[in-house]
Every structure is written in C-alpha cells, then in structure tokens.
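What follows draws every value from the coordinates through simple rules; no lab data is involved. Source: prediction; values computed, not measured. Heads up, the Cβs are rebuilt from the backbone with ideal geometry, glycines too, and the neighbour counts pull from every protein chain shown.
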Amino acid sequence: MAVPEPTVRETVIRGSNGKTRLCFFGVMAALLIVSAVFSENLCPYDPYLQDLDAALQQPSAAHIFGTDRYGRDMLSRVIVGSRTSIFSTFLLVAIITTFGTAIGVFCGWARGRADNLLMRVSDLCLAFPGLVFALAVAGVLGGGLSNAVIALAMISWPKYARIARSQTLSVRETSYLKAARLAGCSTSRLILKHILPNIAGPILVTATLDVGTMMMELAGLSFLGLGAKPPTAEWGSMMSETRGLLQTVPWAVFAPGIAIFIAVMVFNLLGDAVRDWMDPKMRVKS
Amino acid sequence: MTTPILQVQNLKKIFTRNGQSDFLAVDGVSFDVAPGECVGLIGESGSGKSTVANMIARLLNPTGGQIFLDGEDVTKTDVRAVCRKVQMIFQSPQESFDPRRTLGDGIGESLLTAGEPASETAEEVARLLEAVGLSSDFMCRYPHEVSGGQCQRAAIARALAIEPKLLLCDEATSALDVTVQAEIVSLLSHLMRGHGMACLFICHDIALAQSFCDRILVMYRGKIVEEGLPDEVIQSPKQEYTKMLIDSVL
Ligand SMILES: Nc1ncnc2c1ncn2[C@@H]1O[C@H](COP(=O)(O)OP(=O)(O)OP(=O)(O)O)[C@@H](O)[C@H]1O
Ligand SMILES: [Mg+2]
C-alpha cells in the first residue's frame, strides 16, 4: 500500500519543529535571565551616576542609547533595569502560580461549601479591572514595586485556581486515583504524588505565557508611577520619566521600550513553544 | 458455618445530580461472599454493578445499608481502613495506572504506604511481576509503553501485593480481546486458588461468569433479581430479565 501524502497540517507541524523552537526561545530566555543576574558587571557605566554635563546626549559610540536628562547612560540603566523588571515579574508569576494552584487543588479536592466560597471570591477578584484595583491598592498601601506586585497578584491568581480546580476534579475521578487510594495513600501523598504531577502541564504553560503579560502589566503600573520609584532603574518607570522628552530626545524612550518589547516577545514565544511541546499529539510525532 | 468475608445488607446508593431528580442507582442489594468463593455479578450496562463495587471498596459512600468485611462493620470507615483486605481491578487497565509514574511505582505503592522499606519493595515488585508472567524490566515502564493485556497483568500484581482477602474485579477483562481475556481469566483463577482469595467478579458476559464463578448474582436496575449456581441460573432462569440476558448471548 502506498504511503499517504502528509497532510498540510502535518507538513506545517513538522516544518516548525517544536523542539527546536523550544530550545531556541529557552536559550533566549536564559540569556535574558543571566544578563539580569550579572547586570551590574555587564553595564559599561554606573547606571545611577549623574553627570549633568553629559545630559541628553545622542546615541554615540560612548553611549549607544544616549543619556537621559541627568546624564546617566541609558544602556547601563536598561541593563540594570532588566533585573528589577524580570525578577519582579518572576516573583509575581511564582506567587500567583503557587497560590492559585494551592487554592484550586484544595477546592477541587474538598468541593462543597469551601469550594463554593473560594470560587465566589475568585470571581470577585476577576471582576475587578486590573488597573483600577492597582490604583486602589496603591491608595491604601502606597505606591512602590512590591505593592504593585501585591496588587497584580491579588487579581491574577484566580486564573490558576480555575485551571487547577477543573484539572483536580477530573483527575480525582480517574481510576488511577481510585487505585492509589486503594493502595492506602494519605491525602497529602495523593495530592503530591498523583494529582500535582498530572495537573502541572497546563499550569506551567499558563505560567510561562503569563511572564510576558505580567511584565507588561508591571511596566504599565510603573509607567503610571504606581510601581518602581525613581531613581530605581525599571523599564516602565524609565519610559515614564522620559516620556515628556519624546519629541526632542526619542532615543531615551526608545531604549527601555525596545527592552520591554524583546523580553515580552521572548517569554511569550517561549510560552507558545512550551505549550506546543506539551501537546501530546506533537510529542508522538517527534 | 464460617463467617462470610463480605456481607452486604440492603445497600442503597442515591446519586443527587444538580438540577435533576435523584437517581437510585443501587436499590437494596444484599448478598454474602464466603472465604475463597468467587461470586459473579452480572447485569447490563448501567445496572449499578460498579457502584456496588466502589461502595464495598469504600471509594463511594452508600446512602443506606451496611457492609461487613470479615465480620466487621466498615460502612462508616474510609478506604484506608479497608485497603489491606480489599483490592480492586479496574475496567481499563491503562487508565488504572498513573500516566506519570512507572508500573513498578504503582505496584509497590501499597507496600510503601504499609511502611515497607524501598529496597525490599523493589524485590517484592519483581517477584509479583514474575507471578503474573511479566519480566522484571516492566517495573520501569510507563502505562502507555505496555499493551492492554500486559497492563492488566500488572494491575493484578498490584492488587495481589498486599494479599487481600477479597478481590473486586470490575470488568477486568472487558477491554481486552478474547484470547488475552482467556489468559487473564486463567491467571486470575490460578492466583486466587493459590491465595485462597475470595472474588467478586463483575462482568456482563454471562458465559464467562458461568465458567469462572461459583455463584452468580444477576442485577437489573439497581436490584438483584436472581441468584444461584451458574448452571442453574442459565438452564432455568426464574426471571424474565435473566432469560433475555441469556438469549441475547447464546
Ligand atoms: N457519580 C455519579 N453521579 C451520578 N450518577 C452516577 C454516578 N455514577 C454512576 N451513576 C449512574 O448510576 C448508574 C449505575 O452506574 P454503574 O457505573 O454502577 O453501572 P454499571 O453496572 O457498572 O455499568 P457498566 O457495565 O457500563 O460499567 C448509571 O445509570 C450511572 O449513570
Ligand atoms: Mg461499570
């Protein structure tokens, strides 16, 4: 029998080899993280050193991205800013993933009244527009990066709780979970050894995709002055500081903008690659 | 007379579904299983057989009635209280093993939770695999890496690990093809003789139940409508429903 021609779908899938993409964006993301860790050693100038004689210089060989209005080197500030931006995003995503998953697994496992109550609370959190809520939190707790993280965490965890809850509900009805219960597993063992490993896939994918989104949201809050406070180098607040100069010294806005663009892109594409790679149908092919 | 290993009295299960009327899945079922006896529970799909088995294994709480295991009332206890005495084999072998863990992990789990050290567990798992006719390298395989028949053998090994007194087979052979089915059934009967284990054998194949079981219960819409020796039930069924069931097979 003749081997059937591969369908268009198969060709496209094979063409965009999932594993290569995953490796590529994985390496890119790792590079970003490494440069954030060693940012202080990488930047050519002290990012906080003011030199008013050198203020608002155009991009040149000495200052590739020019200088801002206090004469600080933009490239150094962008590099150091990556640490604040990337690590606060990671912290935020870690918090909402852990907290949301814990709540979701609890709800899916316990069901009943506690589940109902927590799910209504999560509906309440979802119903708030993010920015309004962040403004309210900033009003109560004051501005600052950690409060911005808290505000975003409070409205972002329900997504994870919902995924974890629905996954837990379906796993607890499987016969392998019944078999594990019959093997005498305690509740904690059931959850740690059987439920969590089986629900981790979609949660990890969502978390990777969320890194880009949360980076944008944090930068957005910083831009509005609700996040990182000057002189801390952070991409969103750097754009905010220089936005009045957009007409005269566009490079000063351009540098942090490009940095946000690249970082968000890399993490979003990495999230896509992880999702494709996790898809069992794709894995059989590879 | 010896005390029965399993005594089920007037067992009831009502499923309440949101927005729908309550559903009486099991309606006053009573029967005994003597030590070493193999009782067949047959009936059409949806008659409540799995629900009965799940309640006996304490994976599901009954709405009413009582379950005695080895003379002890276990109606109010949970699965951990009975899992040293009752084990279960499920309908679809592959789905009864955690896809993220190896067969060896699954088989040895009941030994680990009973407090056996990991090194001894591994040896025991290899021995169990051998007893069900699998080589010990199946220990490191994942459920999707073995065939349905091999997986069901592993499931039998898992059920036998702690030497239960009662084995619940919930359509253990339905998902397998006929030749593999025969292998699994002969393996089961061989092992049960060896261990002196009792068995509640659930299936909807009346011919299989006839050859395998000492006694047959026929279930219909949540009730046991007929009970007797396999040959009696098949030769001279008392109920219309049983007649239909036999006619549809023969
Ligand atoms: N969790 C549940 N919620 C509501 N109804 C249920 C639930 N589990 C089972 N039922 C209903 O109870 C009835 C009996 O189900 P059960 O699984 O015991 O049937 P069965 O005899 O094992 O059928 P089969 O031979 O197909 O396995 C069915 O009508 C089913 O729809
Ligand atoms: Mg069933």
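Going from the fewest other Cβ atoms within 10 Å to the most, the residues B:C199, B:C213 appear in the order B:C213, B:C199. Annotation: the residues B:V79, A:V121, B:V8, sorted from fewest to most other C-beta atoms within 10 Å of their own C-beta, follow the order A:V121, B:V79, B:V8.
Computed on region B:99-163, with alpha-carbon pairs under 8 angstrom and 6+ residues apart, the relative contact order is 47 percent. How big is the antiparallel share of DSSP beta bridges in chain B, given as a percent to the nearest 5? Of the beta bridges lying entirely in chain B, close to 50 percent run antiparallel.
A Förster radius of 41 Å combined with the Cβ-Cβ distance from B:S248 to B:A118 puts the calculated FRET efficiency at roughly 0.25.
Overall dimensions of region B:126-201, expressed as equivalent-ellipsoid semi-axes from the Cα gyration tensor (√(5λ), whole Å, largest first), are 19, 16, 10.
The mean number of Cβ atoms from other chains found within 10 Å of a Cβ in peptide A:169-179 is 5, as a whole number. The Rg/Rh ratio for region B:57-158 is 1.03, where Rg is the radius of gyration of the alpha carbons and Rh is the Kirkwood radius. Across region A:78-185 the C-alpha pair distances fall into 10 Å bins from zero in the proportions 14, 34, 29, 15, 8, 1 percent.
In a reduced charge model with +1 at each Lys and Arg Cβ and -1 at each Asp and Glu Cβ, chain A shows a dipole moment near 1500 debye about its Cα centre. Convex hull volume per residue, computed on the Cα atoms of the protein assembly as shown, equals 220 Å³.
Close amide H contacts of B:S30 (hydrogens built in the peptide plane, cut-off under 5 Å, sequence separation of 5 or more or a different chain): B:N10, B:L11, B:I224.
Each Lys or Arg adds one and each Asp or Glu takes one away; over the other residues whose Cβ falls under 10 Å from the Cβ of B:I216, this sums to -4. In plain terms, the chain from A:A136 to A:I64 could stretch by 22.0 nm, reckoned as 0.36 nm per residue minus the Cα-Cα distance. About its Cα centre, the dipole of chain B is roughly 580 debye, where the only charges are +1 on Lys and Arg Cβ and -1 on Asp and Glu Cβ.
If one computes the Cα centroid of region A:98-156 and of region B:10-83, what distance in Å separates the two points? Taking the Cα centre of region B:10-83 as reference, the centre of region A:98-156 is 41 Å away. From the square roots a ≥ b ≥ c of the eigenvalues of the alpha-carbon gyration tensor of chain B, which class results: rounded (a/c under 1.5), prolate (a/b over b/c), or oblate? Here chain B falls in the prolate category.
Per-residue mean of foreign Cβ neighbours for B:155-161 is 1 (Cβ atoms of other chains, 10 Å radius).
How high is the FRET efficiency between B:N61 and A:L42 when r is their beta carbon distance and R₀ equals 45 Å, given to the nearest 0.05? In this case the efficiency is close to 0.15.
For region B:1-136, what's the relative contact order in percent, using C-alpha pairs closer than 8 Å and at least 6 residues apart? Worked out over region B:1-136, it gives 20 percent. Each Cα pair under 8 Å and six or more residues apart adds its separation to the average, and for chain B the resulting relative contact order is 26 percent. Each distinct pair of alpha carbons in region A:204-251 adds a 1/r term; the inverse of their mean, the Kirkwood radius, is 11.6 Å. Over the C-alpha atoms of chain A, the Rg to Rh ratio, Rh being the Kirkwood estimate, stands at 1.07. For region B:99-163, the calculated P(r) over all alpha carbon pairs, in 10 Å bins from 0 to the bin holding the longest distance, is 25, 60, 14, 0 percent.
Modelled this way, with points 7 Å down the Cα-to-C-beta line, the labels at B:E130 and A:D123 are 6.0 nm from one another.
What you get for the protein assembly as shown, charging only the Cβ of Lys and Arg (+1) and of Asp and Glu (-1), is a dipole of about 1080 debye around the Cα centre. Region B:211-242 and region B:91-138 have Cα centres spaced 36 Å apart. Per-residue mean of foreign Cβ neighbours for B:97-104 is 4 (Cβ atoms of other chains, 10 Å radius). For A:D53 and A:S146, FRET efficiency with R0 = 25 Å and r from the beta-carbon atoms, rounded to 0.05? After rounding to 0.05, the efficiency reads 0.10.
Sequentially through region B:146-160, phi angles give Karplus couplings (6.51, -1.76, 1.60; θ = phi - 60°) of 10, 6, x, x, 5, 5, 5, 4, 4, 5, 5, 4, 5, 5, 7 Hz, Gly and Pro residues having no value and appearing as x.
Remark: C-alpha extents of region B:147-250 on the principal axes read 41, 28, 23 Å, sorted largest to smallest.
Within the protein assembly as shown, DSSP assigns beta bridges of which about 50% are antiparallel (rounded to the nearest 5). The HN-Hα couplings worked out from phi for region B:79-96 by the Karplus form 6.51 cos²θ - 1.76 cosθ + 1.60 (θ = phi - 60°) are 4, 5, 7, 10, 6, 7, 10, 10, 10, 9, 10, 9, 4, 9, x, 4, 6, 8 Hz, whole numbers, x standing for Gly and Pro. Per-residue Karplus couplings for region B:125-138, computed as 6.51 cos²θ - 1.76 cosθ + 1.60 with θ equal to phi - 60°, are listed in order as 4, 4, 5, 5, 4, 4, 4, 9, x, 10, 7, 6, 6, 5 Hz, Gly and Pro entered as x. Remark: spin-label model distance A:M265-B:D214 equals 7.5 nm, labels positioned 7 Å along the Cα→Cβ axis.
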